[in-house]
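Asker: So that we are looking at the same thing, I have put the structure below in structure tokens.
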Amino acid sequence: MPQESSSSSPKILFGFVGHPSSGKDTAAEYMVSKYGFTHLSSGDFFREYMKENNLGEPTRENLSKIAHDLRATKGSDIVMQLALKRPEQKLIVSGLRAVPEAKTLKDNGGKLVAFVVPIETRYERALKRGRIGEHITFEQFHAADQKESRSSDPNGQNVDGVVELADILIKNDGTKDEFFKKLDDLVN
């Protein structure tokens, strides 16, 4: 049953998922600016938690470990449980990496949207974004990507498993304008 807010209309809830640098945050920023959605990033949630608790630098490896530990202690769908408590009527949660998070979103009436992009394109985007560091090689990027792709641990990262649950697949290998048109089509 979809979660209802205090008003009579149901909450509009999207989960944006995909491998690193597939366009999740770009899509969310566009939806915020054009359609008035609120965006919650699971990565930002974990980075903030690390900072508040002095748990080191937010490297991919550290983020993965902290996310796993929090899911193990607070529930494998902790990100969605916190998101569902939010009062906003139009909400996007991006970066879901655990299957229970995706299932909780869908169980509460949300639509799971997966962005699909070739790994070479994602690597180029990640370097431009600068979050992964200036000196990472494609091989290192690919190895980290593979590690996050599939885990049988419900608290682990299983991007492939989450993408398989998607209600909608959007190929994001063109221009930003083409990508934004696909997002407009999603809303309409």
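The values are calculated or read from the model by the stated rules, or taken from the named source; none is laboratory data. As the structure is a prediction and not an experimental result, all values here were calculated from the model. Cβ atoms come from the backbone with ideal geometry, glycine included; neighbour counts cover every protein chain shown. All accessible areas refer to the heavy atoms of the entire protein, side chains included, with ligands and DNA or RNA removed. Shrake-Rupley method; radii C 1.70, N 1.55, O 1.52, S 1.80 Å.
Asker: Which residues, counting only those in the stretch 14-51, are on the phi > 0 side of the Ramachandran plot and open to solvent by less than 20 Å² (accessible area, probe 1.4 Å)?
Answerer: From the stretch 14-51, those on the phi > 0 side of the Ramachandran plot are 18, 21, 23, 36; that's our starting set.
Within the stretch 14-51, Gly18, Ser21, Gly23 meet the criteria.
Asker: Quick one: which of Asp145, Asp177, Asp77 is surrounded by fewer than 17 Cβ atoms within 10 Å (Cβ to Cβ) and either of a type outside the set (Gly, Ala, Ser) or under 14 Å from the mean Cα position of the chain (by Cα) (or both)? Reasoning before the result, please.
Answerer: On the way: Asp145 fails: surrounded by fewer than 17 Cβ atoms within 10 Å (Cβ to Cβ); Asp77 fails: surrounded by fewer than 17 Cβ atoms within 10 Å (Cβ to Cβ).
None of the others qualify; the one that does is Asp177.
Here is a yes/no grid of residues against (1) in contact with a strand residue (DSSP E or B) (Cβ under 8 Å, 6 or more places away or on another chain); (2) buried (at least 18 other Cβ atoms within 10 Å of the Cβ):
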position	(1), (2)
Asn53	no, no
Arg71	no, yes
Pro87	no, no
Ile92	yes, yes
Ala98	no, yes
Leu105	yes, yes
Ala114	yes, yes
Tyr123	no, yes
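Asker: Having 2 or more residues that are at pLDDT 95 or above is the bar; report the helices (runs of 4 or more DSSP H) wholly within the stretch 1-113 that clear it.
Answerer: Working: elements: 24-35, 42-52, 60-74, 78-84, 99-107.
It comes to 24-35, 99-107.
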